[in-house]
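What follows is one structure encoded as structure tokens, with my remarks underneath.
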Amino acid sequence: MAAVSVALNNAQWEPENDGESQLKTALENVLISSPSSVITKAPDNKTNRFILQTQGYHDLYLYVVEGITFTDSTADFEKQFTKSTFAVVDKIDVSAYDLLRDTTVSVAKHCKEFNSNGLGKLTTSANGAIAYADHCIGLMKEKADISLYNAFQVLLDEKYVTQPKDNAFEEALESATLAVQALQKSAKEKAEDAKAMVALLQAFYTQTDGDVKKVGTIEEKFLTGPKDPVTGQRKVKADGTLQEPYSEVMDAEVARLQTEITNSITRRDEENDKWATARDKAIGLGVGGVFLIWLWIGSGVETDKAIKAKNKYDEMVTLITKDSQDKADLVKVLELVRALVNHFHALLPKMQTALTAMKELQNLFNEQDLNFQLILNKLTDLQTGVSAKGQRARKNWITTAIDEAVEKFKEIKDLGEEFKRGATPVIEQL
């Protein structure tokens with residue numbers, strides 16, 4: 001590849017008229033600049049990569065496959081995270097529950113929609129570039145029966161500057177025309193595919209931008225501290241102190257519940273001991289000393305003590321169960337909040353990288369389509385107003401540029417295949 005580039009740099013072609021200048025510009029775009037635009041440097045700045053093979057693409061992929069793990073149903077959310085769990089936060093902000101529920105459901109829905117309609121297409125977007133590159137490689141040079149390289153060898157023969165066109169020229173012109181038309185058609189089709197993918201990505205980006213704003217509000221309220229919507233400053237409580245983030249309020253409730261659970265366990269054990277003692281005394285005073293389970297209540301006083309102790313014990317067991325569940329629910333909400341915030345960390349710039357890369361791929365096909373049309377318009381004027389010397393220079397430059405383009409498209413094909421092999425990142429833990 002390097003040798004071809006050197007050869008092209010050494011090939012001199014100074015257009016002799018406006019038509020030639022337009023042809024050279026179109027050929028430069030088709031053969032050199034636009035193919036190069038979809039090859040980028042890897043982070044090591046040494047090896048090359050396909051344009052879509054960016055960290056932005058992989059971050060987008062992970063965002064989607066992680067996003068679909070959230071619940072996309074309001075009813076399911078309300079089953080998993082009951083309104084009562086937010087009792088301590090409701091006293092501060094009655095809208096907090098609805099915000100968390102609606103945002104979670106929105107994120108999940110958008111991710112699931114894109115996962116169904118766009119992610120697979122994005123993953124296989126390289127297929128279009130690979131197929132197009134393969135098409136270019138053949139029609140530019142490697143198809144013996146119809147290739148631009150072979151056609152230009154004839155069309156740019158300097159003898160046609162002074163001699164009339166013969167059958168060989170007409171056949172070469174027909175071959176070149178067919179090749180350019182085929183390449184333009186392929187470029188146009190791939191451009192439409194890329195345009196559709198860009199539209200999908202743009203729509204998803206817009207949806208995600210809205211979700212990012214909502215998650216930003218959740219982060220503010222739950223993690224960094226709620227702000228006054230008018231002043232933009234931290235909210236102040238009635239006692240003049242700053243309103244704590246809701247996560248701290250919930251953490252305090254978790255700590256309170258843990259203390260209550262610990263105390264309840266102690267009281268439960270005490271009541272269990274009281275119940276056992278009172279029960280044994282009651283049994284000892286039972287009818288005829290018969291230890292039947294339905295006859296153990298034998299003394300009014302001791303029986304009353306035993307019943308009260310048993311009821312208190314059951315009450316403690318129920319309270320411990322409830323407090324443990326409330327604590328678990330609060331912890332689950334806090335985990336969800338942190339998961340949402342982490343999920344969106346610096347996401348939009350990463351998505352923008354993937355979107356920009358897809359636009360670059362679309363631009364490749366648009367440029368190819370446009371410039372192949374310009375080349376097509378110039379094919380019949382190749383011999384107009386050109387000297388024999390100019391013809392030799394033009395032929396040398398064009399055939400060398402085709403060689404470079406073929407090598408470039410081979411690289412695009414290889415890099416596209418490499419991208420496809422690694423297009424599904426390994427997810428160790430969601």
Mind giving me the nanometre distance, one decimal, between the label points for T162 and E78, set 7 Å out from Cα along Cα→Cβ?
9.2
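How high is the relative contact order of the chain, given as a whole-number percent (alpha carbon pairs under 8 Å, six or more residues apart)?
Details: 522 pairs, mean separation 157.9, N = 430.
Computed value for the chain: 37 percent relative contact order.
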Divide by every residue of the chain the summed helix terms, -39500 (n - 2.57) for each DSSP H run of at least 4, and state the resulting mean residue ellipticity at 222 nm, rounded to the nearest 500 deg cm²/dmol.
-23000 deg cm²/dmol
Expected max-MSF residue from T380, T54, T400 in the GNM of the chain (alpha carbon, under 10 Å) is T380
For volume of the Cα convex hull per residue in Å³, pick the label among (i) 161; (ii) 217; (iii) 126 that corresponds to the value derived from the coordinates.
(ii)
The distance between the Cα centres of the stretch 88-142 and the stretch 28-57, in whole Å, is 23
Where a ≥ b ≥ c are the square roots of the eigenvalues of the C-alpha gyration tensor, would you call the stretch 1-150 rounded, which needs a/c under 1.5, or, failing that, prolate if a/b is larger than b/c, or oblate?
prolate
Measuring from the lowest to the highest alpha carbon on each principal axis, how far does the stretch 71-164 reach, largest first, in angstroms?
95, 22, 15
If R0 = 30 Å, then T231 and L348, at their Cβ-Cβ distance, give a FRET efficiency to the nearest 0.05 of 0.65
Under a plain spin-label model, where a point goes 7 Å from the Cα along Cα-to-Cβ, how far apart in nm are T123 and T40?
2.1
Between Q373 and T224, what is the FRET efficiency for a Förster distance of 56 Å, r being their Cβ-Cβ separation, to the nearest 0.05?
0.50
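Can you put S33, S175 in order of Cβ neighbours within 10 angstrom, beginning with the fewest?
Numbers: S33 13, S175 21.
Fewest-to-most ranking of S33, S175: S33, S175.
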Taking placed amide H atoms and a strict 5 Å upper bound, the residues 5 or more places from K227 or on another chain that come that close are K235
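Whats the longest run of the chain with zero trypsin sites (Lys or Arg not before Pro) that are DSSP loop and have at most 11 other Cβ atoms within 10 Å? Provide the component values of the computation, followed by the final result.
Numbers: sites that count: K46, K91, K237.
Maximal segment without exposed cleavage sites: 238-430.
Figure the gain on full extension for K91 and A328 (residue separation times 0.36 nm, minus the Cα-Cα span) and round it to one decimal in nm. Intermediate results must be reported in sequence, preceding the final value.
Numbers: separation 237, 0.36 × 237 = 85.32 nm, distance 2.01 nm.
Length gained between K91 and A328: 83.3 nm.
Only the coordinates and a few stated rules stand behind these numbers; no lab work does. Since we're looking at a predicted model, the values are computed, not measured. Cβ: placed from backbone, ideal geometry, glycine included. Neighbour counts: every protein chain shown.
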